Amino acid sequence: MKQQTLWGHPKGLYILFFTELWERFSFYGMRAILILYLVAKTDELNPGFGWDNVTALQLYGWYTMLVYAMGVPGGLLADRLLGQKKAVMLGGVLIIIGHALLVINGEWQFYSGLVLIILGVGSLKPNISSMVGGLYRQGDAKRDSAFTIFYVGINIGAFSAPLIVGYVGEVINWNYGFGLAGIGMALGQIVFVYGQKYLKEVGNYIPPKFHEGTKEPVKLTSIEKDRMIVLLLSFLIVVIFWGAYEQAGGLMNLYAKEKIDRVMLGFEVPASFLQSLHAFYVILIGAPIAWFWVQWGKKGWESSSLFKMGLGTIITGFGFLLLAAAAMETMESLTGKAPIYWLFGAYFLHVVGELCISPVALSFITKMAPAKFVSFMMGAYFFATALGNKLAGLVGEAAQSAGELTIFLGLFGFCVGFGLLLILFVSRLKKLTHGADDVDDNVVVVEPE
Ligand code: GLN
């Protein structure tokens, strides 16, 4: 495959980078003001729906769950009908129309806008991720670093959106905020359309349903089956990781608000401000972590995707150990509050863990899934993250009665335990990959016919 390159990567990667950056800008921007809009009183200067907190939280929970769960039909749509590129295109259009509807203040516009956004993200998110992998051939060492670059793009969108869309929505007008999020997606769509010339060879493939000239369905070979098994097992760790990590928006958010002394240099850091910290850290340490793994691998040390995912889960666990220490300090201190640096440290470890898991998993899926299922498996991955989010909500609720210290210690034990278990089985699980995860330009990959 001949591709034009820039800074060592195909130019198509940068097109996908900016498209996804803007899509995430619209997603996180809209998400940042959604709940605030729902609870804003109807007779305020900047009126909302006037809902109570519980109802608003319920809708928010369903929204964040469905938006990722829709990745499964979105992936199938690409694998069966449209191919990844057209599915991304369709997703972008739906997201833009969805936001345009949210600009109008009215109930049916709001609900149909939300539905279109859910369908749009479902169609765009897994398929654009699969396209990144499609730019690289099997065994190419650059694939993992491409996903890290892509992931940094995601987080530039995620970092800036709550600040910009949040300001416009909260201070000026909610509907303008939604509109701005939509403009973000429109910019992403323009980049994607403009960049088609760099994406000619990726995302077009629609796998055949039947063996050529027969009515016999294309089945999975035993190698493909093994790879699917190892992928599905890795999704278990994905649920656990996101279940722990996503405490950030709920339990840790409340914890920061109520039990952390957030005064720094005479200025009280708003709790919501800490919500941008993850994305900030990803932008800061994404490249160094990717570089670290390359050096580590060059030394011939264990650097398989599964090992990274296991280690990432353990590191995330240690983030909770810091929070447990904070919770102990909270109980002992006279003010009932712990210093903010515990949170800075915990979020940092969580992001180190995230970078060992999230971009690695996206890359792993594109290496491991048979071509005819790659987008479906990508969708299934996002479904696993949706379950993780749901789990996070349940754990957060449990903390209300069990207390934070117990929950933080529990999460520490859980993450470290599962991470170690995965690492223990790495060599056995690696056999099931049949060489597809090996990073070596001369690697001989056993390709199923
Ligand atoms: N923060 C990442 C993104 O927005 C991960 C989301 C996920 O996997 N659920 O793409």
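With the structure loaded, tell me whether Lys2 is charged (D, E, K, R) and either at pLDDT 90 or above or within 15 Å of the ligand (Cβ to nearest atom) (or both) or whether it fails that test.
no
For the stretch 263-304, give me the residue count where each residue is under 18 Å from Ile357 (Cα atoms), under 18 Å from the mean Cα position of the chain (by Cα) and open to solvent by 40 Å² or more (accessible area, probe 1.4 Å).
4
Report, by residue number, each residue of the stretch 76-109 that is out of contact with any Pro (no Cβ under 8 Å at 6 or more places or on another chain), farther than 29 Å from Phe373 by Cα, touching a residue at least 60 places away in the same chain (Cβ under 8 Å) and surrounded by fewer than 21 Cβ atoms within 10 Å (Cβ to Cβ).
If the condition is that a residue be out of contact with any Pro (no Cβ under 8 Å at 6 or more places or on another chain), farther than 29 Å from Phe373 by Cα, touching a residue at least 60 places away in the same chain (Cβ under 8 Å) and surrounded by fewer than 21 Cβ atoms within 10 Å (Cβ to Cβ), then Ala100, Val103, Ile104 are the ones that fit.
Looking only at the stretch 100-134, how many residues end up being among the polar types (S, T, N, Q) and in contact with an Asp or Glu (Cβ under 6 Å, 6 or more places away or on another chain)?
0
Conditions tested, residue by residue: (1) out of contact with any helix residue (DSSP H, G or I) (no Cβ under 7 Å at 6 or more places or on another chain); (2) open to solvent by 50 Å² or more (accessible area, probe 1.4 Å); (3) within 16 Å of the ligand (Cβ to nearest atom).
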residue	(1), (2), (3)
Phe320	no, no, no
Met331	yes, yes, no
Leu349	no, no, no
Met368	no, no, no
Ala371	yes, yes, no
Gly379	no, no, yes
Ala398	no, no, no
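Within the stretch 268-283, is even one residue in a helix (DSSP H, G or I), out of contact with any Phe, Trp or Tyr (no Cβ under 7 Å at 6 or more places or on another chain) and modelled with pLDDT of 90 or more?
Looking for residues that are in a helix (DSSP H, G or I), out of contact with any Phe, Trp or Tyr (no Cβ under 7 Å at 6 or more places or on another chain) and modelled with pLDDT of 90 or more, one finds none in the stretch 268-283, hence no.
Within the stretch 1-60, track down each residue that is among the basic types (Lys, Arg) and open to solvent by less than 20 Å² (accessible area, probe 1.4 Å).
Answer for the stretch 1-60, where residues must be among the basic types (Lys, Arg) and open to solvent by less than 20 Å² (accessible area, probe 1.4 Å): just Arg24.
Please enumerate the residues belonging to the stretch 175-233 that are open to solvent by less than 50 Å² (accessible area, probe 1.4 Å) and acidic (Asp, Glu).
Hits for the stretch 175-233 are Glu224, Asp226.
The values are calculated or read from the model by the stated rules, or taken from the named source; none is laboratory data. Predicted model, so just to flag it, every value in this text is computed and none were measured. Every residue, glycine among them, receives a Cβ derived from its backbone with ideal geometry; neighbour counts consider all protein chains shown. Areas reflect the complete protein model, heavy atoms only, side chains present, ligands, DNA and RNA absent. Shrake-Rupley method; radii C 1.70, N 1.55, O 1.52, S 1.80 Å.
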